[in-house]
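The values are calculated or read from the model by the stated rules, or taken from the named source; none is laboratory data. Owing to the predicted nature of the structure, the values given are computational and were not obtained by experimental measurement. Neighbour counts are summed over all protein chains in view; Cβ atoms, including those assigned to glycine, are modelled from backbone coordinates with ideal geometry. All accessible areas refer to the heavy atoms of the entire protein, side chains included, with ligands and DNA or RNA removed. Shrake-Rupley method; radii C 1.70, N 1.55, O 1.52, S 1.80 Å.
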Amino acid sequence: MMLADLLEHGRMGSFRDQPLPDDWTQGRTTYGGASAAMAWAVGADLAQGLPLKSAQFAFTAPLAGKMDAQTRILKQGRNAIFVGVELTGELGTALIASLLFARARPSNLAYNDMPAPAAMAPQELDSRPRPTGAAAFTAHMDYRSATPQKVKGMPDILRWVRLRDRDGVPGIAELLAVGDALPPAGLALLPEPRPASSCNWTINILDDDPRTTDGWWLLQSAARWIDAGFGSQVMTMWNRNGRAVAQGMQSVAIYG
């Protein structure tokens, strides 16, 4: 199922009567980026056209089977609206989201210290075959590794990622769907693959209308702390022109 169709089915409540598609799964659950994009799609109906500024997603259980969505306005002011979204699957509450929609305001402050890392253009990098056993959702993505050789083996991943089926997908939904597409950075420290699961994802949107060229976004995920089976990582996104469009943080459970 194309992402545009997934979002529309989720927004219209179609998944109350039919199961979520298998091609967007990651392990036992619907891929986190797709789940976040669906939460935005249903929550945006209450946002009165305001752009998304920030979001917090708690992944509380696998999102699978039939899905129900509940939304409500948490707080509304003159310039901002907080919207709560809860997605429920066959195992109960699976995702709880708090979405901040807000309009731009006049300000004398402007500061940007988020330059894009030096990276070759995606068309100059090799496309690697999809590995055996890769999560189903990765069939909807194109990847190009932009990590310099000198930092290989460090918990820092830098890749170009592109959504293959972009038709009819709003820029913010595309950003959310792509933004969680990298594996947890801490896994780079392990001698062999281990299961891992995202616990939550906080993301700040730095552009009211995020867009990129040819669908490519530059994603960086860097682990900053790992202990006792959990890791904390910082995640940043730039568009094809090197403009920072999103920054976030994620807690990841690492098993084994």
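Scanning segment 76-107 for residues that are charged (D, E, K, R) and either closer than 16 Å to Asp45 by Cβ or part of a strand (DSSP E or B) (or both) gives a single hit, Glu86.
Residues being closer than 26 Å to Ala196 by Cβ and in contact with a Leu (Cβ under 7 Å, 6 or more places away or on another chain) are entirely absent from segment 71-84.
Let's see how each residue does on (1) open to solvent by less than 20 Å² (accessible area, probe 1.4 Å); (2) aliphatic (A, V, I, L, M):
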position: Leu7; (1), (2): yes, yes
position: Pro19; (1), (2): no, no
position: Arg28; (1), (2): no, no
position: Gly43; (1), (2): yes, no
position: Ala47; (1), (2): yes, yes
position: Lys53; (1), (2): no, no
position: Leu63; (1), (2): yes, yes
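Within the set Pro131, Pro117, the sole residue that is in a loop (DSSP other than H, G, I, E, B), exposed (fewer than 13 other Cβ atoms within 10 Å of the Cβ) and out of contact with any Asp or Glu (no Cβ under 9 Å at 6 or more places or on another chain) turns out to be Pro131. Looking only at segment 145-152, decide whether some residue is part of a strand (DSSP E or B), open to solvent by 40 Å² or more (accessible area, probe 1.4 Å) and modelled with pLDDT of 90 or more. No, segment 145-152 contains no residue that is part of a strand (DSSP E or B), open to solvent by 40 Å² or more (accessible area, probe 1.4 Å) and modelled with pLDDT of 90 or more.
Tyr111 meets the conditions (1) closer than 30 Å to Leu46 by Cα; (2) among the aromatic types (Phe, Trp, Tyr); (3) surrounded by fewer than 21 Cβ atoms within 10 Å (Cβ to Cβ) in every case but one. The failed one is (1).
Per the listing Leu95, Leu46, the residue uniquely farther than 30 Å from Trp160 by Cα and of a type outside the set (Val, Ile, Thr) is Leu46. Here Gly168 meets the list (1) over 26 Å from Arg103 (Cα atoms); (2) of a type outside the set (Lys, Arg); (3) open to solvent by 40 Å² or more (accessible area, probe 1.4 Å) almost entirely, failing just condition (1). For segment 217-228, a residue qualifies if it is in contact (Cβ under 8 Å) with a residue 12 or more places away in the chain, more than 13 Å from Ala244 (Cα to Cα) and either charged (D, E, K, R) or in contact with a strand residue (DSSP E or B) (Cβ under 6 Å, 6 or more places away or on another chain) (or both), and the qualifying residues are Ser221, Ala222, Ala223. Within segment 171-216, no residue satisfies the criterion of being of a type in the set (D, E, K, R), open to solvent by 60 Å² or more (accessible area, probe 1.4 Å) and in a helix (DSSP H, G or I). Within the option set Ala34, Ala55, Ala69, being part of a strand (DSSP E or B) and under 14 Å from the mean Cα position of the chain (by Cα) holds for one residue only, Ala55. Taking each residue of segment 125-140 that is closer than 26 Å to Val169 by Cα and looking for partners that are among the acidic types (Asp, Glu) and open to solvent by 30 Å² or more (accessible area, probe 1.4 Å) with beta-carbon atoms closer than 9 Å, six or more apart or interchain, yields Ala136/Asp22; Ala136/Asp23; Phe137/Asp23; Ala139/Asp23; His140/Asp23; His140/Asp165.
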